[in-house]
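Enquirer: Can you read through this structure? Questions will come right after.
The values are calculated or read from the model by the stated rules, or taken from the named source; none is laboratory data. Quantities reported herein were computed from a predicted structural model and do not represent experimental measurements. Don't worry about glycine lacking a Cβ; one is built from the backbone with ideal geometry, like all the others, and counts go over all protein chains shown. Protein only, heavy atoms only, side chains kept; ligands, DNA and RNA dropped before computing areas. Shrake-Rupley method; radii C 1.70, N 1.55, O 1.52, S 1.80 Å.
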Amino acid sequence: MKLSTALIHRHNIKDPSGAVMSPLIMATTFERNEDQLTMPQGYLYSRYDNPNKNALEHKIAEMEGGAACISFASGLAAATAIFQSLKSGDHIVMADDTYFSMRTIVHTLYAGFGLSYTLADFTNPVALRQAIQPNTKLLWMESPSNPSIKVTDIKAIVEIAREHGCITVADNTWATPFYTRPLDLGVDIVLHSTTKYFGGHSDILGGALVFKENNEKTVFIKKVQCYGGAVPSPFDCWLLCRSLTTFTARMAIHSANAMKLARFLEKEPKIERVLYPGLPSHPQHAIAARQMKGGYGGMLSVLVKGGRENALKLCSLLQLFTHATSLGGVESLIEHRKSTEGPDSVTPDNLLRISVGIEAVEDLIKDFKQALKLL
Ligand SMILES: *Cc1c(COP(=O)(O)O)cnc(C)c1O
């Protein structure tokens, strides 16, 4: 069954009323059998599991081709559960432009517990090998990356990880399984901020981990969630399942719009550079063409001529692109990323990150035309 059909028809909750769509079950606790220990449907208490969370996890596992999925209250709660599954003295190597909060979590929350990390350029295997230490347990990648849109050769990273006995995590929030399936390329754990393309409407916060195998690590991370409590609410899970029914339709438009906008912007004299994996000018276009299937996603970054001042001015001249952080919603957003990331950001001062929505692309291009004319 194709993904678009599966996301509509599989892993739904049958309601006794005959309702065509899954019901929302808000209950926190579930009735037990007479033995007081077993539960008729396997549900005990909502911090462990509930029907809407379970339905969502089955859908996401199928999207990524994983053996198991755990959904979380946010993308960062999902990331934190991975860090919590490591031990004091363990070391992580992260791509140098990994979503900046990942670094923040490790150095503010876990440095005191003996976790350490090194940043490396994952597009350079020599640099990556040099960053790996005897106590390195995890390689953390993101492709395309945020916000410099670097594309990582996932298979090559997995090979390096295997040589050193490390597990691999791929943050697949940007590419989504519609364009890249890291587990098929050998990655152990895929991370999602479901807040983004899975939710698709900028109104749900959530995260998920998808595991290649249902092994000891998976079981331990499930415990981290059960005891730590970073669970999504049944309502958020229900809403996400609803969003996923239109996921494949939305993704195709995000990507087609981004490609057209990138091509338009690349010809504009006031734009210094457009970073989009679908453009032949992108440094890792060849890897992207091989690794990303059927399109290049909805995210792009532009470097504006005239530095920070012009970048900020361009943002404020745009009328359709809302000036806000985040991504993956139906609406187009633009963001001066360095301002969001704060003082230790390595993002260029003239970089604007654009989340291309599913509006008519003619309107998006027209908006840039009028803004660039006034710049
Ligand atoms: C937004 C984002 C996250 C964090 O997810 P939250 O749902 O905001 O906690 C992690 N990784 C990437 C690539 C993101 O874009």
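Enquirer: Among the residues that make up segment 261-274, is at least one of them at pLDDT 95 or above and either under 19 Å from the mean Cα position of the chain (by Cα) or in the same structural domain as LEU185 (by TED's automatic domain parsing) (or both)? Lay out the reasoning, then the answer.
Expert: Start the filter on segment 261-274 by keeping residues that are at pLDDT 95 or above, which leaves 261-274.
Retained after the next criterion (residues that are either under 19 Å from the mean Cα position of the chain (by Cα) or in the same structural domain as LEU185 (by TED's automatic domain parsing) (or both)): none.
The answer is no; no qualifying residue exists.
Enquirer: Is there any pair with a first residue in segment 158-184 that is assigned by TED's automatic domain parsing to the domain that holds GLY199 and without any contact (Cβ under 8 Å) to a residue 60 or more places away in the chain and a second that is within 16 Å of the ligand (Cβ to nearest atom) and part of a helix (DSSP H, G or I) whose Cβ atoms are under 9 Å apart and which are 6 or more apart or on different chains, and what are they?
Expert: VAL158/PRO182; THR168/ILE154; THR168/PRO182; ALA170/ILE154; ALA170/PRO182
Enquirer: Next question, about the same structure. For segment 183-200, how many residues meet the condition of being within 14 Å of the ligand (Cβ to nearest atom) and open to solvent by 10 Å² or more (accessible area, probe 1.4 Å)?
Expert: 3
Enquirer: Here is a further query. Check SER148, SER143 and return the single one that is under 29 Å from TYR276 (Cβ atoms), surrounded by fewer than 21 Cβ atoms within 10 Å (Cβ to Cβ), within 16 Å of the ligand (Cβ to nearest atom) and assigned by TED's automatic domain parsing to the domain that holds VAL93.
Expert: SER148
Enquirer: For segment 97-125, which residues satisfy the criterion of being open to solvent by less than 50 Å² (accessible area, probe 1.4 Å) and either in contact (Cβ under 8 Å) with a residue 40 or more places away in the chain or within 16 Å of the ligand (Cβ to nearest atom) (or both)?
Expert: Residues satisfying the conditions are ASP97, THR98, PHE100, SER101, MET102, ARG103, ILE105, VAL106, PHE122.
Enquirer: May I pose another question? Pairs please, first residue from segment 275-290 and of a type in the set (S, T, N, Q), second anywhere and part of a helix (DSSP H, G or I), Cβ atoms under 8 Å, 6+ apart in sequence or on different chains.
Expert: From segment 275-290, the pairs are SER281/GLU266.
Enquirer: Quick check: anything in segment 72-86 assigned to a loop (DSSP other than H, G, I, E, B), more than 21 Å from PRO144 (Cα to Cα) and more than 16 Å from the ligand (Cβ to nearest atom)?
Expert: Taking every residue of segment 72-86 in turn, at least one turns out to be assigned to a loop (DSSP other than H, G, I, E, B), more than 21 Å from PRO144 (Cα to Cα) and more than 16 Å from the ligand (Cβ to nearest atom).
Enquirer: Restricting the first residue to segment 210-234 and requiring it to be at positive phi, which pairs with a second residue that is assigned to a helix (DSSP H, G or I) meet a Cβ separation below 8 Å and a spacing of at least six or different chains?
Expert: So the pair list comes out empty.
Enquirer: Considering segment 71-85 alone, what residues qualify as being among the hydrophobic types (A, V, I, L, M, F, W, C) and touching a Phe, Trp or Tyr at 6+ places or on another chain (Cβ under 8 Å)?
Expert: ALA78, ALA81, PHE83
Enquirer: If ALA288 passes every condition in (1) within 16 Å of the ligand (Cβ to nearest atom); (2) surrounded by 22 or more Cβ atoms within 10 Å (Cβ to Cβ); (3) under 24 Å from PHE122 (Cβ atoms) but one, which one does it miss?
Expert: Failed condition: (1).
Enquirer: Scan segment 40-69 for residues that are out of contact with any helix residue (DSSP H, G or I) (no Cβ under 8 Å at 6 or more places or on another chain), farther than 17 Å from THR218 by Cα and surrounded by 15 or more Cβ atoms within 10 Å (Cβ to Cβ) and jot them down.
Expert: LEU44, the sole residue that qualifies.
Enquirer: If you don't mind, there's one more thing I want to ask. Which count do you get for residues in segment 237-273 that are more than 19 Å from LEU364 (Cα to Cα), open to solvent by less than 50 Å² (accessible area, probe 1.4 Å) and either free of Cβ contacts under 8 Å to residues at least 60 places away in the same chain or in contact with a strand residue (DSSP E or B) (Cβ under 6 Å, 6 or more places away or on another chain) (or both)?
Expert: 2
Enquirer: Can you tell me which residue within segment 87-96, out of those that are more than 16 Å from the ligand (Cβ to nearest atom) and touching a strand residue (DSSP E or B) at 6+ places or on another chain (Cβ under 7 Å), is nearest to THR325 (Cα to Cα)?
Expert: VAL93
Enquirer: Further question on the same structure: Determine which single condition SER316 fails, assuming it passes every other condition in (1) in a loop (DSSP other than H, G, I, E, B); (2) among the polar types (S, T, N, Q); (3) farther than 20 Å from ARG103 by Cα.
Expert: (1)
Enquirer: Can you give me the number of residues within segment 291-311 that are farther than 25 Å from GLU64 by Cβ and open to solvent by 10 Å² or more (accessible area, probe 1.4 Å)?
Expert: Result for segment 291-311: 7.
Enquirer: Also, quick follow-up: Here is a check on your reading of the model: is LEU24 open to solvent by less than 40 Å² (accessible area, probe 1.4 Å) and either in a helix (DSSP H, G or I) or in contact (Cβ under 8 Å) with a residue 60 or more places away in the chain (or both)?
Expert: Considered against the rule, which asks whether it is open to solvent by less than 40 Å² (accessible area, probe 1.4 Å) and either in a helix (DSSP H, G or I) or in contact (Cβ under 8 Å) with a residue 60 or more places away in the chain (or both), LEU24 comes out as no.
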